[in-house]
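Presented below is the structure to which this report refers.
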Amino acid sequence: MELTIFILRLAVYILAFPMYLLNFLGLWSWMCKKWFPYFLMRFSVMYNEQMASKKRELFSNLQEFAGPSGKLSLLEVGCGTGTNFKFYPPGCRVTCIDPNPNFEKFLIKSIAENRHLQFERFVIAAGENMHQVADGSVDVVVCTLVLCSVESQEQILREVCRVLRPGGAFYFMEHVAAERSTWNSFWQQVLDPAWYLLFDGCNLTRESWKALERANFSKLKLQHIQAPLSWELVRPHIYGHAVK
């Protein structure tokens, strides 16, 4: 099996050589940063339609973590085009962080369509370094389809713990590696190198639940599911929340 994966991966590398060459020249990343928001805008509509019930379930108790004023202060890391906004409770104060500045115009559109929220600001930064956000300043951090592409899951989770107030919560929904010895796992391993370049640093084979289990949370509620998605490769999912 491992030899077959190696041979097929080699074939993928050969077929994807033009992408790797552009990446070596520093052009591919620039191109991805430009086109990825347009792809994600279309993908997110499909994803929201197919995952709407799971998202409603996931975010159903957000308001329970509101501060003494009753206003929920929420930080979304890797906000993308703002497709989670419609699932947040009315009056929620939202700050967004994303390393790609090209998402801003899509966020503005999403803000206009979700008047029930109080939008605070958009910060251009990686989740691993959110120094613009003060320690213990937010009630909830949300992260969906982000842990697959960050450089360091451990560092972003440390930052999440830093910015959360005591008793605050981290909500997540992520595609993950399939169960070993399945055909899905086989093809994830074969296609992962090309997938990484095509989808702006996304990894198919991350076992993100392990990083969450190691993080410094007092409670962790995590479920594994096969998401009802059209793309088989990203059906294995985890979702839930953790309390600081």
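The values are calculated or read from the model by the stated rules, or taken from the named source; none is laboratory data. Predicted model, so just to flag it, every value in this text is computed and none were measured. Please note that ligands, DNA and RNA were not included when accessible areas were found on the heavy atoms of the full protein model with its side chains. Shrake-Rupley method; radii C 1.70, N 1.55, O 1.52, S 1.80 Å.
Backbone amide hydrogens, once placed in the peptide plane, bring G78 within less than 5 Å of I97, D98, excluding anything fewer than 5 places away on its chain. In sequence order, the range 157-167 has phi-based couplings of 6, 5, 5, 4, 4, 5, 7, 6, 6, x, x Hz under the Karplus curve 6.51 cos²θ - 1.76 cosθ + 1.60, θ = phi - 60°, and Gly or Pro positions carry x. Working note: Debye formula, equal point scatterers on the alpha-carbon atoms of the chain, no solvent; log10 I(q)/I(0) at q = 0.09, 0.10, 0.16 Å⁻¹ is -0.39, -0.48, -1.23.
Extension gain, E113 to R9: 0.36 nm times the residue separation minus the Cα-Cα distance gives 33.1 nm.
Every helix of 4 or more DSSP H residues in the chain counts as -39500 (n - 2.57), and over all residues that averages to -13000 deg cm²/dmol at 222 nm. For the chain, with all protein chains in place and a probe radius of 1.4 Å, 58% of the accessible heavy-atom surface sits on carbon or sulfur.
Once the Cα-Cα distance is subtracted from the 0.36 nm per residue extended length, the A194 to I225 segment shows a gain of 8.7 nm.
Taking the chain as the reference, fit the longest principal axis to its C-alpha atoms, fit the long axis of helix 104-113 to the helix C-alpha atoms, and give the angle between the two in degrees, 0 to 90, nearest 10. Helix 104-113 sits roughly 50 degrees off the main axis of the chain. Annotation: extensible slack from Q50 through S181 equals 44.5 nm (criterion: 0.36 nm per residue apart, minus Cα-Cα distance). Solvent-accessible surface of the range 1-243, taken per residue with a 1.4 Å probe and all protein chains present: 50 Å².
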